Structure formats: structure tokens, C-alpha cells
Amino acid sequence: MNIMFDTMEMKEVYDRGIINIGNLTRMKRAMMKAFTGEAIKVGFLGGSITAGSLATTPQSCYAYQVYSWWRNKFPMSEVAYVNAGVGATSSKFGVARVEEDLLDCEPDIVFAEFSVNDSDNDLFKETFEGLIRKILLHKTEPALLMLNNVFYDDGHNAQRVHNQIGKYYDLPIVSIKESIYTEIEKGVIRNNEITPDNLHPNDLGHKLVAGVITNLLEHIYDAVIVNNIESNATDFPVAVTANRYYGSIRRSSKNTSPLLDGFTIDETVKQGSWDVFRNGWSAYKEGSSIRFEVEGSMISVQYRKYAIHPAPIAKIVVDDDVNNEIYLDANFEETWGDCLYLQDIMVAGPSGKHTVEIIITEEVKEKDFYLASIITA
């Protein structure tokens, strides 16, 4: 098998990955800003692939390679890089954290990928739309490009529902399923040449993913810089889903003061968006509790699940309804590492104020129960 394509073969593969060119008004603004020598910021939001999982160096990650395209294409511009990838997270968490982790940095262009972390259903269609709207409605009006990553063993991902949203907002979209994965189906590429686990790319896989993205960027560059094609902004559309997650709020120790009984505040300084077990609360002793007053109709809880067992167990009680308590088991079923786990507690419940209390029911003295946040919408 020969994975060393010639230029024309790669161009055909990459072009096949272009799902939508999109309205280029915002892209032109970002590229013209860089072209004229103004500083720009390039931001990335997604899961473990965006974070650079299995890349041998941070510079081998597809996100850094796409950032390098901007830096090389616009040498007169000072191009800043913000990578807000967090492993094992979905757009449900993304919409709650995008402001703090990315938008507060005021990026000029955002690349978003959650197609292998979300599921192909209406729930993630709605959470993804909330994320897209939150990015597009940010005060700096960043350009936005969508990426569909893929599971390389069977080609499944959430691009069906994601791309319904992306096309509705007329965004530039690329798909690894329609480009690189198709070469796997044809036998031109073998899975193990680009990924050791059928999900996370190795260095070559990251290079191919970056190639799919930068190929579309080259098309856009030719259109808006070389040919100066005009693209008119359109009225911002109404939401196509119920859009309940747009207003998601992540409540951590930075912005919330719950009632503590045995729990302590984690005051360790967070190093970056990847440093996920920070700004929360922890306790180990059975009977320790933490109580919140929140508002909304959707409530989720984030806590640490441990790959090494045993781990503590807690229960969560909403509105003092002890007959419907939910257990939070910090024992992780996977072995790849500890997980920042997001568990729904209330979905489409009654709107308004609610109390949320978490109580440790089984302690493990060598491990804290770590509560990272409460997310409401």
C-alpha cells in the first residue's frame, strides 16, 4: 500500500472533504485583517483530537498545523494560537465552557469539532446548535469553520445532525469521513497507518486532517483575497431546534458559593483548558455534603471518574426529593485515564429555582470525590 499520494491525488481527496463553502463574509474579514498585517487570533474548540491526543509533539497536532498555515500564509500578521481542546468532552460541555475557554480570548476565527464526541441524535443537534449560536453571536463576530472527524473502523460520527446545523447557518464545513475515510474504504489507506485506535490520529493522521482543512482555506483564500469575491452578510436566522442549551452556565468555585459541609474549595491554579480537575470542590468523608441553589430546567453535574478503583460514590438530590435521588459513581469503566464525566440530572424539568445537594455515601480515604461543576440551562 502506498500512502505517499502525489499532489493531484491529494487534491482530489481533500476536495471531496469539502461539504460546504459557506458564506464567506466573516472569513474574508479575518483573512483581510491578516493580509493587511493586523494581528489575529486563531482558536480551536473540540475534544481529544483537537487537544492533540497521540500526536508526538504539540506541533504535530492538526490544530497547530492549521494555525501554521495562517502564520505562513500571512507573514506580515502576528498570528496567535488558542487551543481549547479537552478530551472526552461533547458539545453539551462545549457550549457551557466556550466563553471562558475560547471566546474571552476574542478569536478572529474558530475551528470547531465534536463529531466523534457527540452522538447522531436530536439532543446533540440541539447542544451543537447552542454552541454554534454562542460562537457566532459573540461580540467579535468570529469566522467559524466546522470539522467532522470520524471513527476509522466503521465511519460513524455525528456529521448528519451537525451538518444540518452547519448548512442552516451556511458555515464552511469539511469532513474526514468524506475524504480520508473514503480512502480507507477503498483500501488505499490502512487504518493502522494513520491511527492506532481507530479514532485518534497519529502524526500522519493529524497531517491528513490538517490537509483537509487547509485545502478549504486555500479555496477561500483564492476566492476572497486573490479574486476579491464579495460575500454579503445575511440576517442571523432563528434557531432550528429548541435551543435550550444556548444559555448554559457552568457553575464552578470561581463563580458560585454553595453551602459546604465537609467539602473544600480547590484553590489550585488552573493551567489551561486541558487542566480540567480544577476550580471545583472535593471531599472524601462519608456524609460530607455540598448544596447549591440554581435556576433552569436542565441540570447536569461534572465530576471526576477514576480509572483506578475503588473510587468514592455520592448521591445527588434535587429539591429535597429523596425518593428520586441519583447516584454518582466515581469508578470509571474505561482504563485510558481519569475522566471529567458529565451526567444529566434533570432534562426538560420545571423551569425556575432548584436546590441541588450532593452527599458522599461511600468514602475511599485515598481518593476524594471531586465535583468539578454544576451546569444549568
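Numbers for the structure displayed
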{"quantity": "All positions within the stretch 183-234 that are over 18 Å from residue 61 (Cα atoms) and small (Gly, Ala, Ser)", "calculated": "187, 223, 231, 233"}
{"quantity": "Residue identified as among the aromatic types (Phe, Trp, Tyr), part of a strand (DSSP E or B) and surrounded by fewer than 20 Cβ atoms within 10 Å (Cβ to Cβ) among 327, 370, 303", "calculated": "327"}
{"quantity": "Among (1) in a loop (DSSP other than H, G, I, E, B); (2) surrounded by fewer than 17 Cβ atoms within 10 Å (Cβ to Cβ), the one test that residue 273 misses", "calculated": "(2)"}
{"quantity": "Flag for residue 95 being in contact (Cβ under 8 Å) with a residue 40 or more places away in the chain, in the same structural domain as residue 136 (by TED's automatic domain parsing) and part of a strand (DSSP E or B)", "calculated": "no"}
{"quantity": "Residue match in the stretch 59-78 (condition: touching a Leu at 6+ places or on another chain (Cβ under 6 Å), modelled with pLDDT of 95 or more and surrounded by 22 or more Cβ atoms within 10 Å (Cβ to Cβ))", "calculated": "no"}
{"quantity": "Residue within the stretch 95-117 that is farther than 25 Å from residue 26 by Cα, surrounded by fewer than 19 Cβ atoms within 10 Å (Cβ to Cβ) and not charged (D, E, K, R) present", "calculated": "no"}
{"quantity": "For residue 204: the one exception among (1) hydrophobic (A, V, I, L, M, F, W, C); (2) in the same structural domain as residue 22 (by TED's automatic domain parsing); (3) closer than 28 Å to residue 136 by Cβ", "calculated": "(3)"}
{"quantity": "Options 19, 49: the member that is out of contact with any Leu (no Cβ under 7 Å at 6 or more places or on another chain) and either assigned to a strand (DSSP E or B) or without any contact (Cβ under 8 Å) to a residue 60 or more places away in the chain (or both)", "calculated": "19"}
{"quantity": "In the stretch 346-367, the residues that are surrounded by 14 or more Cβ atoms within 10 Å (Cβ to Cβ) and part of a loop (DSSP other than H, G, I, E, B)", "calculated": "349, 363"}
{"quantity": "Complete set of residues in the stretch 268-298 that are of a type in the set (A, V, I, L, M) and over 21 Å from residue 86 (Cα atoms)", "calculated": "283, 290, 294, 298"}
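The values are calculated or read from the model by the stated rules, or taken from the named source; none is laboratory data. Since the model is a prediction, treat every value here as computed from it, not as a measurement. All Cβ positions, glycine included, derive from the backbone under ideal geometry; neighbour counts span all protein chains shown.
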